[in-house]
Amino acid sequence: MTTELKHHWQPAEKKRHAMAGRLPGGKQYRGGETLTTLCERSVEAAPSTDINWLWPTCEECMRAAKLRVGAPV
C-alpha cells in the first residue's frame, strides 16, 4: 500500500470530482477555478461548503481513481 496521493477530490458542478496528484500544500480551490478531472472534463470548482461535499461522486472519476490505486472497479 502506498502513502503517496494519486488524486484528490473537489466539489464542482454539482458532483465531487477527482483531480490527479495531491493538492499542493493546504491550497483550496477558489469557486469558479477551472479544473481538469480524472473523467477528462474541465469543470468549475465550487466553493468548499459543508453541503457541497455531500454532492454525489462522479462515477467516471471514481472509476479512474480506483484504477490509479489498483482497487477493483
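The values are calculated or read from the model by the stated rules, or taken from the named source; none is laboratory data. Remember, it's a predicted structure, so these values are computed and weren't measured experimentally. All Cβ positions, glycine included, derive from the backbone under ideal geometry; neighbour counts span all protein chains shown.
Checking each residue in the range 1-60 for being of a type in the set (Ser, Thr, Tyr) and in contact with a helix residue (DSSP H, G or I) (Cβ under 7 Å, 6 or more places away or on another chain) picks out only THR37.
Select from the range 34-58 the residues that are modelled with pLDDT of 95 or more and of a type in the set (D, E, K, R) and write down the one among them that is nearest to GLY70 (Cα to Cα). For the range 34-58, the residue satisfying everything is GLU40. In the range 1-29, the qualifying residues are those that are of a type in the set (D, E, K, R) and at pLDDT below 90, and the one that is nearest to GLY70 (Cα to Cα) is LYS6.
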